[in-house]
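Taking it in order: structure first as structure tokens, then the write-up.
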Amino acid sequence: MTVYLHGTGIIPFGRYPDRTLEDLAVPAAADALAEAAATPDGIDATYCGNVYGGMLPAHRIAARLGLTGRPAYNVEAACSSSAVALHLAVSAIRAGQLETALVIGVEQLSVFGRGTLRLNADDPEIAEGLTMPAAYAMRAQRYLAQTGAVVEDLAAVSVKNHANGALNPDAQFRRPTPLDEVLGSRPVADPLTLLQCCGSGDGAAAVVVSARPPDPAIWPRTVRVAASVVSSGSTGPHDLSREPLTERVATQAYTEAGLGPSDLGVVELHDAFTIAELLYYEALGLCGYGEAPGLLRDGVTERSGRHPVNAGGGLLARGHPLGATGVAQVVEVTRHLAGRSDIPGRGTLAHRPDAGLTHCTGGGISGYDHAVCTVHILTAT
């Protein structure tokens, strides 16, 4: 069964310590419902991806939206939480269990102050002092040693994504950052500097998905979910300069969609740190091993390139409120595919895309290469 995108909503990402989780989620969800011209009676279930929001965020948000008396699902999968929530909603629609669902991603990290996020104290790697920046710094060191890439290649990712974020009114960080500023920013974990690490903050995004085709008067182009794939990763020794989980999930998604990397006109991937974007270029099949820096230098992943990557600024510039990220990526890609000229601030790509991919991982410690990876492929006609 085909699943269609009917509505999208997102709030500007930032820091809102004086608001509640529901205060963040409701405006994004209301915008998605309004864009879909959906009434509460037309929503069969609510799905919510969230990590640190406490008990039953889906139910609390649904109550504010008048969506009680029907299923509400709470999904936690670290940074991939709302991407997994969307996968579950798509799977339920495909199985004929429901017709239309509201999927929300929301997070409020400002309540924890600033700095790196708290992780499971009983994780043996955390107990030894490992942090997420340190884990990605080791990946960066390994990649540089294996491929001959240089630190300027890492910093160039930040330059590109912050330039894109400057065009996005919903981005948390809306200022271009030149290469010398990125390299000269505060060291965090060698070779990564502050501007090569995503910031923490608050945000919410939402989509309405349905088995019914959307109203063509609302959507100039029809956007479909062509593939939705989730998998856990592997434990044990692994090459830090490669991303086998993403490669495996992307391969499954391409097969499901009947498409390949060359068909992608827009990509939103999990650039929590600059090295991650380069690793994922290769894992997603946009280029071969060790070729990611050249792909970036040649402008292929710029907004004007053949495969624009993180046109909304990515996690580095849009921000990374964990539970909101997966759906925020889908909102970004959907709006580019749909050609919604009435939605301001997104900017136009050099070429109108017909297919796009979103990619979100979660849980990169705990002995896993990554604990979970979610890939969605969307197409438009």
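Between Asp215, Asp263, Asp202, the GNM of the chain built on Cα springs shorter than 10 angstrom shows Asp215 fluctuating the most. Where the alpha-carbon atoms of the chain are placed on the principal axes, they occupy 56, 44, 38 Å, in descending order.
The residues neighbouring Asp239, those whose beta-carbon lies less than 15 Å from its own, together hold a net charge of 0 under the Lys/Arg +1, Asp/Glu -1 convention.
Over all alpha-carbon pairs in the range 249-349, figure out the percentage whose distance exceeds 19 Å. Walk me through the numbers on the way to the answer.
Values: 2185 of 5050 pairs.
When every Cα pair of the range 249-349 is considered, 43 percent fall beyond 19 Å.
Sites listed here are GluC sites (Glu not before Pro) in the range 113-198 whose DSSP assignment is loop and whose Cβ has at most 11 other Cβ atoms within 10 Å: Glu128.
Work through the residues other than Asp369 whose Cβ is under 11 Å from its Cβ and net out their charges, Lys, Arg +1 and Asp, Glu -1. Present the calculation step by step, with values, prior to reporting the outcome.
Working: positive: Arg139, Arg242, Arg248; negative: Asp239, Glu243, Glu247.
Counting the neighbours of Asp369, the net charge comes to 0.
Highest GNM mean-square fluctuation among Ala77, Ala121, Ala350, for the chain modelled with Cα contacts below 10 Å: Ala121. With a cut-off of 15 Å between beta carbons, the residues surrounding Thr68 carry a summed charge of 0, where Lys and Arg count +1 and Asp and Glu -1. In square nanometres, what is the average projected area of the Cα convex hull of the range 163-203? Hull-based average projected area comes out at 3.2 nm². Rolled with a 1.4 Å probe across the full set of protein chains, the surface gives His87 an accessible area near 40 Å².
What FRET efficiency do you get for Gln146 and Ala30 if R0 is 41 Å and r is their Cβ-Cβ distance, rounded to the nearest 0.05? Walk me through the numbers before you get to the answer.
Working: r = 48 Å, r/R0 = 1.17.
Result of the calculation: an efficiency of 0.30.
What would the Debye formula give as log10 I(q)/I(0) at q = 0.14, 0.20, 0.21 Å⁻¹ for the alpha-carbon point model of the range 1-98, no solvent? After summing over all Cα pairs, the log10 values are -0.52, -1.13, -1.25.
Using Cα-Cα distances under 8 Å and only pairs 6 or more residues apart, what relative contact order does the range 264-345 have, in percent? Walk me through the intermediate numbers first.
Details: 73 pairs, mean separation 28.5, N = 82.
Relative CO of the range 264-345 lands at 35 percent.
Normalised by the number of residues in the chain, the mean separation of alpha-carbon contacts (under 8 Å, six or more apart) gives a relative contact order of 26 percent. Can you tell which of Ala135, Ala156, Leu21 lies farthest toward the positive end of the dipole of the chain, using +1 and -1 charges on the Cβ of basic and acidic side chains (Lys, Arg; Asp, Glu)? Checked the options; the winner is Leu21. Checking every one of the trypsin sites (Lys or Arg not before Pro) in the range 94-184 against DSSP loop status and a limit of 11 other Cβ atoms within 10 Å picks out Arg114, Arg118.
Compared with the alpha-carbon gap, the fully stretched path from Arg174 to His59 is longer by 38.1 nm at 0.36 nm per residue. Working from Cα positions, state the angle (0 to 90°, nearest 10) between the long axis of helix 21-35 and the longest principal axis of the chain. Between the helix axis and the principal axis of the chain, the angle is about 60 degrees.
The values are calculated or read from the model by the stated rules, or taken from the named source; none is laboratory data. Keep in mind that this is a model prediction, so the values were computed, not measured. For neighbour counting, all protein chains shown are included, and Cβ atoms are generated from backbone atoms with ideal geometry for every residue, glycine included. To get the accessible areas, we keep the full protein, side chains included, count just its heavy atoms, and leave off ligands, DNA and RNA. Shrake-Rupley method; radii C 1.70, N 1.55, O 1.52, S 1.80 Å.
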